[in-house]
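Okay, structure first, notes after.
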Number of protein chains: 2
Amino acid sequence: MKNIAILGSTGSIGTQALQVIAANPEHFRVEVLTARHQVELLARQAIRFKPNMVVIADEGKYRELKELLRDEYIKVYAGEDAIAQVTETASVDVVLVAMVGYSGLLPTTRAIRAGKTIALANKETLVVAGELINRLATLHRTPVLPVDSEHSAIFQCLVGEGDNPVEKLILTASGGPFRGKDRAFLERVTPAQALQHPTWNMGRKVTIDSASLMNKGFEAIEARWLFDVSPSQIEVLVHPQSIVHSMVQFVDGSVKAQMGTPDMRLPIQYALSYPDRLPSDIPRVDFAACRSLSFEKPDAETFPNLSLALEAARRGGNCPCALNAANEIAVEAFLDECLSFTGMSRVIEQTMDTVSYIATPSLEEYIATDKEARRVARERLFN
Amino acid sequence: MKNIAILGSTGSIGTQALQVIAANPEHFRVEVLTARHQVELLARQAIRFKPNMVVIADEGKYRELKELLRDEYIKVYAGEDAIAQVTETASVDVVLVAMVGYSGLLPTTRAIRAGKTIALANKETLVVAGELINRLATLHRTPVLPVDSEHSAIFQCLVGEGDNPVEKLILTASGGPFRGKDRAFLERVTPAQALQHPTWNMGRKVTIDSASLMNKGFEAIEARWLFDVSPSQIEVLVHPQSIVHSMVQFVDGSVKAQMGTPDMRLPIQYALSYPDRLPSDIPRVDFAACRSLSFEKPDAETFPNLSLALEAARRGGNCPCALNAANEIAVEAFLDECLSFTGMSRVIEQTMDTVSYIATPSLEEYIATDKEARRVARERLFN
């Protein structure tokens, strides 16, 4: 029996993690649930799963949550710091970091320092501060298990390979809803169009990142840290069917791939059950029915965000942190219809080139870079 | 440094194994080479690789071999029994069983009893007597590593998975040169046509088995023993590109696949280097160039050999042994133009139904079954 803390339980990953836990009551128990501001859903989840603690990040919603849970024996807290604090609770075995954006960084470092197994669904944490997270995880001997389907695939392919050298990681990408479109089309794309993802059901921010291929760029940076490879060893390949979740090529020329139907419950469950696999009723791939799996190189000219992210990975230091902060501002502005789809790349590129470079930043310098990059990106929104 | 004995060094697998060894002189040394009757090639190989011992199965060729190697410090032996005996040599670490057909069984059992690591390229050994080989390997704690590309793929996918339950093994098949043809076409197929395999470069017997899909049926029986699954857990899928070498589906719905260019040096090298992987210059798969991987169910009605093999697997006991013996006779007759392509299935089916069933045969009973089945099959050739 593993006791799970879910940071971000009301989001897409969080709710699917609760489905996995509900399906495996003899293996998993919910110990902590946290949410940003969806207080009613958080309360319903708490009433159903009976965690020991719940935290609402938005302190203004504390009273409401407390009231909704008045009949339960559940400790109720509020505030960002409380989220970081509850991950340290002795009874927690695995911390599933399923918060969106930069906010996942601090609780993750706290949970690593407390020696908890991390199931990491928050990609910004590794994008922003991968080197720091790696250093902390090594120091505290804390396993950091990927939840993202691509990284879970690579992780599954590497199981049992010991020190066998990796030649190349092949990250697959669905290509997003705008695969095959040109820049003229992308200039006029609306948020509603961009929010239609062909295969995966995700949150709004991730869906936009997926449409712009920034998501794949983030994953390349993440993979670099999770699997200790150089950016040049990472190849992105568009695979519209989203059946092959990613691949690893070894030095002997052998390639291993992990596949499955596009269903996040599979990598979530694997991160929670690792190294074991538990039975699931997730639909199986019918290879004879899907008939064909296709692959093509991504269109880096039409989707410059992918190149920007790979460039940030090459520059290293605080550059990916600036990339991420600028992207969060740009995506927000696009969703608010204050910035065009293609304008996002312009804002990000200008921010990356403006923010002062730090080769090996401390946690405080990451926080400062994040702040500076957001300020720069906001200034560039309207010019 | 591993010392290798290659049984069947002049065949397709044997010569490719020598290429692998030549490319990795710091990892592998040739200790023993054996061949059936290709005495000149065996002598050339011996002069190049300087084994400690060579054996020619055909005793009539002993003098010739001895003469060819008169300037070398190499022990020369002849006869089937000598082949089995040299596998027991103390200095041998790995025995690569690359002989074709039933003749691989006896040397394999001897090498297992001597505690040698077995790299098994001879599928008939497991097809005929898989249960016995498994029992011996467990008793003597001898690893039996697959060399066949399909089984190597499954083996690679299972590395590090511990006791995680397998739901299904998916054996991929190129479909052979006659994929898409009907029975009327197959009635009139000549040996020359059947010997043209679209992707793999193999020996004549294996190429015919591949065209008739008997090869895939053998592999299903082999997989059953190598990976301890029931015949119902094995699915055959036609995959004409021969890039996905096989797949494993686990109980959580996750599928792992191993891929590569169709080049036998890759699985041969892996079996020799396992658990390590060594760099190789085998061409890499270019997924963007191959564009599409396709899958379809095999045409079991047009190719009844696949169904016959799966039926033999279900019946168990000495039935796969009878299947194999009848197939060896049938293929020989087809190559000699004494039997039609479709006639092979008839002879095999009649033999399987005639030979008396033994549920748990001893080694002697396997040998008796083999003899009886060959006799029955020969009788059925001409009616």
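The values are calculated or read from the model by the stated rules, or taken from the named source; none is laboratory data. Quantities reported herein were computed from a predicted structural model and do not represent experimental measurements. Positions of Cβ are backbone-derived with ideal geometry, glycine not excepted, and every protein chain shown enters the neighbour counts. For the accessible areas, the whole protein counts, side chains as well, though only heavy atoms, and no ligand, DNA or RNA atoms are used. Shrake-Rupley method; radii C 1.70, N 1.55, O 1.52, S 1.80 Å.
Listing for the model above:
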{"read-out": "So B:Leu335, is it open to solvent by 10 Å² or more (accessible area, probe 1.4 Å), among the hydrophobic types (A, V, I, L, M, F, W, C), closer than 30 Å to B:Leu363 by Cα and away from every other protein chain (no Cβ under 11 Å)", "value": "yes"}
{"read-out": "Selection from the range B:276-299 of residues that are touching a helix residue (DSSP H, G or I) at 6+ places or on another chain (Cβ under 9 Å), loosely packed, with under 15 Cβ neighbours inside 10 Å and more than 7 Å from chain A (Cβ to nearest Cβ)", "value": "B:Asp281"}
{"read-out": "Verdict on B:Glu26 being modelled with pLDDT under 95 and either under 17 Å from B:Ile4 (Cα atoms) or in contact with an Asp or Glu (Cβ under 8 Å, 6 or more places away or on another chain) (or both)", "value": "no"}
{"read-out": "Number of the condition not met by B:Tyr62 [criteria: (1) more than 26 Å from B:Thr117 (Cβ to Cβ); (2) open to solvent by less than 10 Å² (accessible area, probe 1.4 Å); (3) not charged (D, E, K, R)]", "value": "(2)"}
{"read-out": "Test: B:Ala184 is part of a helix (DSSP H, G or I) and open to solvent by 50 Å² or more (accessible area, probe 1.4 Å)", "value": "yes"}
{"read-out": "Set A:Thr138, A:Thr172: member being outside the structural domain of A:Phe295 (by TED's automatic domain parsing), polar (S, T, N, Q) and outside any loop (DSSP other than H, G, I, E, B)", "value": "A:Thr138"}
{"read-out": "Selected residue [at the interface with chain B (Cβ under 9 Å from one of its Cβ atoms), within 30 Å of B:Val236 (Cα to Cα) and hydrophobic (A, V, I, L, M, F, W, C)] from A:Val248, A:Val255", "value": "A:Val255"}
{"read-out": "Flag for B:Leu186 being touching a Ser or Thr at 6+ places or on another chain (Cβ under 7 Å) and more than 13 Å from every other protein chain (Cβ to nearest Cβ)", "value": "yes"}
{"read-out": "Residue in the range A:263-286 that is in contact (Cβ under 8 Å) with a residue 12 or more places away in the chain, under 29 Å from A:Glu187 (Cα atoms) and in contact with a strand residue (DSSP E or B) (Cβ under 7 Å, 6 or more places away or on another chain) present", "value": "no"}
{"read-out": "Failed criterion for B:Glu328 (all others in (1) within 14 Å of chain A (Cβ to nearest Cβ); (2) touching a residue at least 12 places away in the same chain (Cβ under 8 Å); (3) within 27 Å of B:Val95 (Cα to Cα) hold)", "value": "(1)"}
{"read-out": "Which listed residue is more than 8 Å from every other protein chain (Cβ to nearest Cβ) and farther than 19 Å from A:Gly130 by Cα, from A:Leu266, A:Leu226, A:Leu213", "value": "A:Leu213"}
{"read-out": "Selection within the range A:99-124 - open to solvent by 10 Å² or more (accessible area, probe 1.4 Å), over 22 Å from A:Ala312 (Cα atoms) and of a type in the set (Gly, Ala, Ser)", "value": "A:Ala114, A:Gly115"}
{"read-out": "Wholly enclosed strands (runs of 3 or more DSSP E) of the range A:203-270 bearing at least 1 residues of a type in the set (Ser, Thr, Tyr) and open to solvent by less than 10 Å² (accessible area, probe 1.4 Å)", "value": "A:244-250"}
{"read-out": "Pick from the range B:1-36, criterion in a loop (DSSP other than H, G, I, E, B) and in contact with a strand residue (DSSP E or B) (Cβ under 7 Å, 6 or more places away or on another chain), ranking: surrounded by the fewest Cβ atoms within 10 Å (Cβ to Cβ)", "value": "B:Met1"}
{"read-out": "Yes/no for A:Ala57 being small (Gly, Ala, Ser), within 21 Å of A:Val100 (Cβ to Cβ) and in contact with a helix residue (DSSP H, G or I) (Cβ under 8 Å, 6 or more places away or on another chain)", "value": "yes"}
{"read-out": "Members of the range B:122-141 that are within 16 Å of B:Val94 (Cβ to Cβ), at pLDDT below 90 and out of contact with any Leu (no Cβ under 6 Å at 6 or more places or on another chain)", "value": "B:Asn122"}
{"read-out": "Leading residue by the ranking (nearest to B:Val255 (Cα to Cα)) among those in the range A:122-179 that are within 14 Å of chain B (Cβ to nearest Cβ) and of a type in the set (S, T, N, Q)", "value": "A:Gln156"}
